[in-house]
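> Okay, here's the structure, questions in a sec.
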Amino acid sequence: MSDPWDLSGEEAPRLVDPVAGEGEGAADAALRPKRLADLAGQDRVRDQLSLVLEAARRRGAPADHVLLSGPPGLGKTTLAMIIAGEMGAPLRITSGPAIQHAGDLAAILSSLAEGEVLFLDEIHRMSRAAEEMLYLAMEDFRVDVVVGKGPGATAIPLELPPFTVVGATTRSGLLPAPLRDRFGFTGHLDYYTAGDLASILARNATLLGVESDADGIREIAGRSRGTPRIANRLLRRVRDWSQVHGHHRITREAAQEALALFDVDLVGLDRLDRAVLEALCHRFDGGPVGLTTLAVAVGEEADTVETVAEPYLVREGFMVRTPRGRAATPAAWQHLGEEPPSSPAGRFGQQPPLA
């Protein structure tokens, strides 16, 4: 009698493939474009940045400091990697929350090589002491290391090799003006069009080794909120659904079935987004309603509703922010398949609840 747990026979490779994840990991790492020429979308920023980098290469000097701003998921980290690749320089990655003391920044700066690219993600969250040290380092390539305490403390100047700072922020308004002024180039990343996302997804599907139809790719792109990070995540989920259900290609039907399973509707709204709209329209008759009350109604934290759901709902015209709170627009009612109320103030009449 054969052992049912014996995987030494010829059927074993069908059950367990020890190298199945190696190509997958390599493909995932290859999804980020390595050159500006491979970057789809962001044409204005790409052309401007190409000029800055080409001029620096011709001078044989490090590129000017670069500040990248925009919503999360649009490719700020990818652009930092591209800058390092285009300049043929090593890349050092850190983040603003990780630098809470001037000594932390001094340790990083003192170890930089000439021409190295230092990527500071969420740069607006650096401590004030570290920001003041960064001013001097970016402008004069020098930091002052304080030795000792009290009246006997001594500042020792430390010369730094020329380097490039690439800062990324989702809230550029929080950056102090002296720090913003020290960046030679500032680029703002906008949301991608469905066509640009379709180009990105078609390329990434090939890198993942997945066959796809143009209709299937467009279906995913149209539900990706104009964000490549979301598009790549949905692509992986559609790929998983297709593989499990025995499909060899990502078709429009496969994309629709998979995205319906993961609660992503035709315009990209997920479970939380629809919960917010349903609470606004059904429980509060369109609002206005305060953020905290709305968050309690959907069972989430107020910060989650404000930072995750609200930006896209406002951008797509499903919700508005008023002095008295959040309110649903006629488009929200139509998206839920209902007629908007005749009175814009809902059941609250002319005295809506305070925010």
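> Arg32 passes all but one of (1) closer than 16 Å to Phe163 by Cβ; (2) outside the structural domain of Phe183 (by TED's automatic domain parsing); which number fails?
Unmet condition: (1).
Matching residues to (1) buried (at least 16 other Cβ atoms within 10 Å of the Cβ); (2) within 30 Å of Arg249 (Cα to Cα); (3) modelled with pLDDT under 85:
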site: Leu158; (1), (2), (3): no, no, yes
site: Pro162; (1), (2), (3): no, no, no
site: Gly167; (1), (2), (3): yes, no, no
site: Ser172; (1), (2), (3): yes, no, yes
site: Gly187; (1), (2), (3): yes, no, no
site: Ile200; (1), (2), (3): yes, yes, no
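> Based on what the data block shows, is Gly75 touching a residue at least 60 places away in the same chain (Cβ under 8 Å) and either on the phi > 0 side of the Ramachandran plot or surrounded by fewer than 17 Cβ atoms within 10 Å (Cβ to Cβ) (or both)? Show your work before the answer.
On the way: touching a residue at least 60 places away in the same chain (Cβ under 8 Å): yes; either on the phi > 0 side of the Ramachandran plot or surrounded by fewer than 17 Cβ atoms within 10 Å (Cβ to Cβ) (or both): yes.
In short, yes.
> Which of the helices (runs of 4 or more DSSP H) contained wholly in segment 192-301 include at least 1 residues that are hydrophobic (A, V, I, L, M, F, W, C), farther than 30 Å from Pro323 by Cα and not assigned by TED's automatic domain parsing to the domain that holds Val314? Can you show your working first?
Numbers: elements: 194-207, 214-221, 228-244, 252-261, 271-278, 291-298.
Filter on segment 192-301 gives 194-207, 214-221, 228-244, 252-261.
> Can I ask one more? Can you tell me which of Glu86, Glu159, Glu139 is in contact (Cβ under 8 Å) with a residue 40 or more places away in the chain, more than 30 Å from Ile230 (Cα to Cα) and out of contact with any Cys (no Cβ under 8 Å at 6 or more places or on another chain)?
On the way: Glu86 fails: more than 30 Å from Ile230 (Cα to Cα); Glu159 fails: in contact (Cβ under 8 Å) with a residue 40 or more places away in the chain.
Result: Glu139 is the single residue among Glu86, Glu159, Glu139 that is in contact (Cβ under 8 Å) with a residue 40 or more places away in the chain, more than 30 Å from Ile230 (Cα to Cα) and out of contact with any Cys (no Cβ under 8 Å at 6 or more places or on another chain).
> Another question, then. Identify all residues within segment 175-191 that are charged (D, E, K, R), assigned to a loop (DSSP other than H, G, I, E, B) and either touching a helix residue (DSSP H, G or I) at 6+ places or on another chain (Cβ under 6 Å) or under 13 Å from Ser69 (Cβ atoms) (or both); write none if there are none. I'd like the intermediate steps shown before the answer.
The initial filter retains those residues of segment 175-191 that are charged (D, E, K, R), namely 180-182, 190.
Those left that are additionally assigned to a loop (DSSP other than H, G, I, E, B): 181-182, 190.
Of everything in segment 175-191, those that are charged (D, E, K, R), assigned to a loop (DSSP other than H, G, I, E, B) and either touching a helix residue (DSSP H, G or I) at 6+ places or on another chain (Cβ under 6 Å) or under 13 Å from Ser69 (Cβ atoms) (or both) turn out to be Arg182, Asp190.
> Identify the single condition in (1) in contact with a helix residue (DSSP H, G or I) (Cβ under 8 Å, 6 or more places away or on another chain); (2) at pLDDT 55 or above; (3) farther than 20 Å from Thr193 by Cβ; (4) surrounded by 11 or more Cβ atoms within 10 Å (Cβ to Cβ) that Leu7 does not satisfy, given that it satisfies every other one.
(2)
The values are calculated or read from the model by the stated rules, or taken from the named source; none is laboratory data. As the structure is a prediction and not an experimental result, all values here were calculated from the model. Glycine gets a Cβ as well: all are built from the backbone with ideal geometry, and neighbour counts include every protein chain shown.
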